[in-house]
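The values are calculated or read from the model by the stated rules, or taken from the named source; none is laboratory data. The structure displayed is predicted, hence computed values, not measured ones. Cβ coordinates were reconstructed from backbone atoms using ideal geometry, including for glycine residues, and neighbour counts include every protein chain displayed.
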């Protein structure tokens, strides 16, 4: 949880700023992808602008501080605007985890630049921020409400997949928290998180100016 960083004010502030930006960028990027796929509804609703009152959701921010995971308001993607079986709509939803991965990579890159400039404290702060961003990407891949993975599964999955997602939806926030804790304690989330961070760090090490 981000509140655990109170003994490290630099990391606390940078992680909080990066993650608030990440929550908004999640929506802005989803809106961009949706528009490219023919769905203008999110743009018309104002989700293409970095305005906190449009994107940020109080419960999502609260859980971000308490559990280290939160969410913004849901982008109003309209299923009727996507032709076919829902594949295009699923890509619009999966743009959400993609946005978090972009923020995670950018944070690793910025941190590495600070490290090369002789600022290991800022490197560590941005690396922690990157880990939170990647955490959000990983969790949003799973088909559990209110996550992007659930919406993508409803758009693209077969009847069995959609029924499974709807059963989980029936448990509400409790169902999400249980799945989140199970995935955390079994190490699934940590493994995927480390996997993506390792890829980002390997890419950054290839850059000639670092």
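Numbers for the structure displayed
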quantity	calculated
Condition met for residue 109 (over 15 Å from residue 21 (Cα atoms) and surrounded by fewer than 20 Cβ atoms within 10 Å (Cβ to Cβ))	yes
Any hit, the stretch 160-183, residues being closer than 20 Å to residue 75 by Cα, in contact (Cβ under 8 Å) with a residue 40 or more places away in the chain and in contact with a helix residue (DSSP H, G or I) (Cβ under 7 Å, 6 or more places away or on another chain)	no
Conditions (1) closer than 23 Å to residue 60 by Cα; (2) without any contact (Cβ under 8 Å) to a residue 24 or more places away in the chain; number of the one not met by residue 133	(2)
Any hit, the stretch 45-64, residues being at pLDDT below 95, closer than 30 Å to residue 122 by Cβ and buried (at least 20 other Cβ atoms within 10 Å of the Cβ)	yes
Failed item in (1) touching a helix residue (DSSP H, G or I) at 6+ places or on another chain (Cβ under 6 Å); (2) closer than 23 Å to residue 176 by Cβ; (3) modelled with pLDDT of 95 or more, with residue 105 passing the rest	(2)
Helices (runs of 4 or more DSSP H) contained entirely in the stretch 122-202, each with at least 1 residues that are more than 21 Å from residue 70 (Cβ to Cβ)	148-156, 159-169
Condition met for residue 30 (under 13 Å from residue 73 (Cβ atoms), assigned to a helix (DSSP H, G or I) and touching a residue at least 40 places away in the same chain (Cβ under 8 Å))	yes
Checklist (1) crowded, with 17+ Cβ neighbours inside 10 Å; (2) at pLDDT 95 or above; (3) over 30 Å from residue 159 (Cα atoms) applied to residue 33, failing item	(3)
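Residue-by-condition table, conditions (1) modelled with pLDDT under 90; (2) over 17 Å from residue 72 (Cβ atoms):
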site: 113; (1), (2): no, yes
site: 128; (1), (2): no, yes
site: 144; (1), (2): yes, no
site: 150; (1), (2): no, no
site: 157; (1), (2): yes, yes
